1. Grab the Cα-Cα distance for residue 76 and residue 11, subtract it from 0.36 nm times how many residues apart they are, and report the gain in nm with one decimal.
2. Only Cα pairs under 8 Å and at least 6 apart count here; give the relative contact order of the stretch 70-198 as a rounded whole percent.
3. Please compute the length gained on full extension between residue 85 and residue 391, using 0.36 nm multiplied by the number of residues separating them and subtracting their Cα-Cα distance.
4. What order do you get for 135, 162 when you list them from fewest to most C-beta neighbours inside 10 Å?
5. For the chain, what does the helix formula give at 222 nm: sum of -39500 (n - 2.57) over DSSP H segments with n ≥ 4, over the residue count, nearest 500 deg cm²/dmol?
6. Fewest first, what order do 218, 52, 255, 378 take by the number of other Cβ atoms within 10 Å?
7. If you scale each eigenvalue of the Cα gyration tensor by 5 and take the root, what three semi-axes come out for the chain, rounded to whole angstrom and sorted largest first?
8. By count of other Cβ within 10 Å, fewest leading, how are 40, 111, 2 ordered?
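Nothing in this text is a laboratory measurement; each read-out follows from the coordinates by a stated rule. These numbers come from a predicted model, not from an experiment. Don't worry about glycine lacking a Cβ; one is built from the backbone with ideal geometry, like all the others, and counts go over all protein chains shown.
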Ligand SMILES: *Cc1c(COP(=O)(O)O)cnc(C)c1O
C-alpha cells in the first residue's frame, strides 16, 4: 500500500484505495500519509507537470492523471545585498490558469476521475474555480462552480470559458462551500474545493511547490513568505518540507511568514492572541480579494504548521500591497494580482521590522497573475500615456 488516509481526531487510518473524503467514523478531515518516506525525483519523465513527484502523490496507478503542465515555475533572485541578504520569488503566475491553484486542482480532479465521478463541483469566488474547470475540461468531466451572486462578471468568465456551469447563489462564499458538498453527493459529482475540510487530496498537489523549491535552490531559504486565505496552501508548503525532512533530504525546514491584508486578518489575529481562529469581525474590503476569507476553514491546521516551522504572521495595509504589486511589475517584470503580491509586501515589511534579519535569505511565493486583475494597474497609468501627432519629430520631442 502506497499511502493511507489518517484521521487526526480519532487516530484511525484507512487504506488509500478507499477513496474517502472524510473520516467515516467521526466525520473529521483526513490527511494523506505515505508508507515509504523516500522521495524519488524525476521518476516520471513521460508525464509533464507535478506528476514527476508521483511517489509522493495519492495515486496508485498512472491511468487517470490529468495534467496541463502545471508546476516547474521559475525561482528567481531579485536582489542581493552586500551583507548577504537575498530576496527571491517563486513565480506561480506561470501556471496554466495563472495561479498556484492549478496544483491542487490537478490532483483533486485527477482523483475524481480515478474514482469514477460524473463530474466535479467547486465553490469559489476566486482562482480555484477556473483551475478546477480547466482540469475538468482536459479530463472530460463536467464542472459546476458555485459563487456568491454579487461576484463580478470578470471573476467567472475564465471558468465559464473552460466549460463550467456557473451557479450564482444568493449567499456568501461560506454558504457556497457548504452547498458544494451536498450537491456533489446528490449527483455523483466530487467536491474539488481547495480546502482540506472538503478534500484531503488537493493539498498534496500544492505541497509539490516545496519539492520544486528544494530542487531549484542550491540552498534552501531561511524564510518563505506565503499569502494566507483559507489556510490550505500554507499548510501544504510546510507539509512538503516536512516530507523532505522525513525522507532525509533536508535537516531543517524554512521558517514560514504568513501574510494577510489588515482588512481581513483572522489568522494573524489568532497567531498573536490565544491561537483560536475566529471569524474576523472588523472585516473591510481589500484589494487582496482572493485571500479575504473572514473565516479560514483550514486556519487551525495552518496555525499548527506555521508553529512547526517556527514561523511568524504579519498583516499588510492596502498601500503596502499596492506598492508590492507595482514594485514587482515595474522593477522585476512580474505581473501579480494583489493577493499574489501580498507575500512580497509582507516580506518587505518583515525585513524593515527586523523580523527577517540582515544576511538572511527569503523567498516570496507570488501566487497569482495580475492579468486577471488588470484594472488594479489603471491607477497611475496616466504618467505613461502620451498623446502625439503623426510625425517623427513630435514623437521624439514627447518621449524625451
Ligand atoms: C487561494 C489563494 C491563496 C491562498 O490560499 P489558501 O489555501 O486559501 O490559504 C493565495 N493567493 C492566491 C492568488 C490564491 O488564489
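1. Value of the extension gain: 19.3 nm.
2. Contact order relative to length: 23 percent.
3. 105.3 nm
4. Ascending Cβ contact count within 10 Å gives the list 162, 135.
5. Working: 12 runs with 128 residues, N = 400.
That calculation yields -9500 deg cm²/dmol at 222 nm.
6. Working: 218 5, 52 23, 255 19, 378 8.
Ordered by Cβ neighbours within 10 Å, fewest first: 218, 378, 255, 52.
7. 33, 26, 22
8. Working: 40 13, 111 27, 2 18.
In order of increasing Cβ crowding within 10 Å: 40, 2, 111.
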